[in-house]
Structures are given as structure tokens and as C-alpha cells.
Amino acid sequence: MSKGTPVVALVGRPNVGKSALFNRIVGGNTAIVSEEAGTTRDRHFGQAEWNGQQFWLVDTGGLPDTQTALDTEIRKQVLQAIGEADLLLLIVDAKQGIHPSDWKVIDLLRHSQKPWLLVANKVDDPRSTEFYEFYTLGVGTPIPVSALNGKSSGDLLDVVVEHIPETEYEDSESLRIAVIGRPNVGKSMLVNRILGEDRLVVSDIAGTTRDAIDTPLRYHNRDFVFVDTAGLRRQSKIDDGVEFYSSLRTRRAIERAEICILVIDAVEGIHNQDLKIATLAWESGRGLIVVVNKWDLKEKDDKTSAKFQKEAAEKAPFFRFIPFIFTSALTGMRVNKILDVILTVDEERRKRISTSAVNTILQSLLARRQPSQAAGHDVKLSYATQVETAPPTIAIFGNHPELVEEHYVRYLHNGFREAYSFSGNPLNIVLRRKSA
């Protein structure tokens, strides 16, 4: 199992330049930067990469000294950041020097027992001595940087990547299944029904499940680990620290999983957010199963389920390749079928087709339809082979792979799908130049 993407959080008192540093590292002005202290009231997060190491970077609001209702909310959000992060960066202002509030943040970091680094921002010249007083804090060597002009940002990232702890997860031999979906569609109840016991909190209040909880299960001599995740909401709706981290945890759960179960509310139907969550899992190369929950509450006839799947495929074509299970976590209807479908999707995910069989299909597809010819070039595809599993990937070699049109790649994709299914899994078709 691959490592999950670690989380690095920027913390500190207001107006020390956390948002400017966030923008410098992630790129683009995705966080609001202002001279007004406390501008960043909620969190912003983005993916960053340095020297091949990917990580989530989280920008938090400044930890306030006052005790207004808003300040209490900001404090709660910063504590959430500390709890979720794998590595913390304490940002201080080199121009203003040590501030009493810096000590308060240090106390929080010490109490968290998380690894953290001291970053002195607003150091325009790293050869200057203006940040030396931070040595007196006794918390390690301050790392000078200027978020505004980017000086020493590369040096900072070198240190950050060096100090990111390993995030390898246990149960590497187990099949990890992330249960994903919008809040209050019945994910926890569904997992409880599968497990046969009430291990997860179930409530009618949307977003009750705040954490991602790993729960093991053994079935047909296979070890499963179910990850019940907090529901993903639209980004604009993530307006408090708890919902923000629920979203981040769900994304990390998808990264850690091999197969995702997208739970959809049968009565409400497929929302745009369901499509976004499904796309996130599919484009991450995960196996995918759609469980339509609360089917007992849906008005239906013998054609309703087929119509539901057809409408889903019209909204996102890849749903045509995904198994749908129409269940009720409340009554237990068809819930046990989910485990068998998981095993099938896993088998399809790891299926390897012989090179001769792959080429037989390729030749039949070419005989039916040749790729379009480009001006001055005779475009030919010669042979193919499966180069990867989990997810399955087929490489097709030709003389001008860059000239093969996208619609023809879809034709090849559908042809291999028709022959070998790979049900519930993305199928990657890659075009490569045939060696001379």
C-alpha cells in the first residue's frame, strides 16, 4: 500500500505572513493576504511538491489573544490543524521580534507532541542577524525565509521535506476500502450493518462522523479494512474547521484505499457533489462501487434501478463500468452482496491479460477501424501489452502515438473493456512510440 500524503500545517499568531508563505509554496493567490491582522479566519489547503515529496499544506488563522466568539472559533480551528498535521511550521515575524503570543503557540505545539519547525518570516537577507533573537526561545534553529520575495523558500522546503515523518499505514496486506459520500447518506449505518455491530456513531445530524475510523473485517479468508469517512461537502460549504478537516481526511482516505464505496441517497438521487467525489476516486486510480442506500424508501418499479444507472452514466460516462448495488442499511436489504462485489472488483483490479490475448483484441479493433491519418504521416499501431495492474494499464505502441486522436483512444478503451471488463476499475490506455 502506498503512503498517504502527509499534512504540513502553518501556525502562528496573526499577521506573521502565513498566508503569503502558503501562496509562495503552493503557488497562486489561493489564500487572502492582507495587512489587516486575522484576515485568514478559516483554513485553506492545497497540494505541494518538493523534490518528489508531495504533501498537503494547510494555512490556518492566526491564534488570537482576545476572547471574542470569532476568536474562540479561530482557536478551535488552529487546534484542529495541530491535531491533523504530521508536521507543523511555527511562523514568527523577524521584523517584529519575539511576541508574547509566540510563547502561547509554542506551549500548544509542545503539548501536541507533534514534530514542528520554527520559521522566521520577513527575512529579506538571510545573511542578516535580524532573526537571531529567536534562538533565545530555545526551540531549535530558526529557518529564515521571505515569503514576499521568495528568498530561501527552497532552503525551507528542503528542511520541511527532510522532517516530514513517514506515514506508512498498518494492515498493508489488507484490502483497504474507503466508504465515501456526502454527509448523512448512511455511510456509518451501512458499515455497521456489514460488520454486524454498532462500531460507528450513527445520527440523523449531517456530518456526525468527524474522523476517518479504520475497522477490520475478515471475509472469505480475506482481510478487509473499512475506512468510514466524514462526508465530503462542496468546497464553498466547508465553513468551519471540523468540516474542512472532514474533507481533507476523506481525500486522504481515498489515497490510502484500493477500493472506494460511494454511498448515494436513493431518495435524493445523484448530486453534483456525488459526481465530484466519484471522479476524485476514479481519477486517483481506485476501484469504485456505487451503493445506492435507502432503496426501501424509494418509489420504484422493476425498471427503476436500470433507469437510475442510465441517468448516472449520462452524467458521468465512467459509471457504465461501475457496479451498482441498491441497498437499505436500515433493513439490511442486499447489504451482504457488497462484500462479494468488493472481492470481484479487487479480482478485476489485479487481473492480468497475456500479451498475445491483448494483441488479438488490438488486431480485431484495428481491422474494424483504423486510426485517422494525419497530413503527411501514415499513423500505424503495431502491438500492445498490459504493463500494470491495480489499476490495469495497457500500452499500445505505434509510429506516431502523438497523432492518435482522443476519440480513437476512447474506441480502443471501449474495445478492451468489452473484451475484459475490468469492472469497477479505471482502465488506462497509454500510447507509446515503437522503438526503431
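Every residue in region 276-314 that is out of contact with any Ser or Thr (no Cβ under 8 Å at 6 or more places or on another chain), outside any helix (DSSP H, G or I) and of a type in the set (Val, Ile, Thr), please.
Answer for region 276-314, where residues must be out of contact with any Ser or Thr (no Cβ under 8 Å at 6 or more places or on another chain), outside any helix (DSSP H, G or I) and of a type in the set (Val, Ile, Thr): Ile289, Val290.
Select the strands (runs of 3 or more DSSP E) contained entirely in region 315-409, then report the ones holding at least 2 residues which are at pLDDT 95 or above and closer than 30 Å to Leu190 by Cα.
In region 315-409, the matching strands (runs of 3 or more DSSP E) lie at 324-326.
Please enumerate the residues belonging to region 87-139 that are within 33 Å of the chain's Cα centre (by Cα), in contact (Cβ under 8 Å) with a residue 12 or more places away in the chain and open to solvent by 60 Å² or more (accessible area, probe 1.4 Å).
If the condition is that a residue be within 33 Å of the chain's Cα centre (by Cα), in contact (Cβ under 8 Å) with a residue 12 or more places away in the chain and open to solvent by 60 Å² or more (accessible area, probe 1.4 Å), then Lys104 is the only one that fits.
Of the residues that sit in region 314-340 and are open to solvent by 20 Å² or more (accessible area, probe 1.4 Å) and of a type in the set (A, V, I, L, M), which one is farthest from Glu418 (Cα to Cα)?
Leu330
Those residues that are hydrophobic (A, V, I, L, M, F, W, C) and either assigned to a strand (DSSP E or B) or modelled with pLDDT of 90 or more (or both), I need them from region 140-165; list them, please.
Within region 140-165, Ile143, Val145, Ala147, Leu156, Leu157, Val159, Val160, Val161, Ile164 qualify.
The values are calculated or read from the model by the stated rules, or taken from the named source; none is laboratory data. Everything quoted here is computed from the prediction, not taken from an experiment. FYI the Cβ positions are ideal-geometry reconstructions off the backbone, even for glycines, and counts take in every protein chain you see. SASA here: full protein model, heavy atoms, side chains in, ligands and nucleic acids out. Shrake-Rupley method; radii C 1.70, N 1.55, O 1.52, S 1.80 Å.
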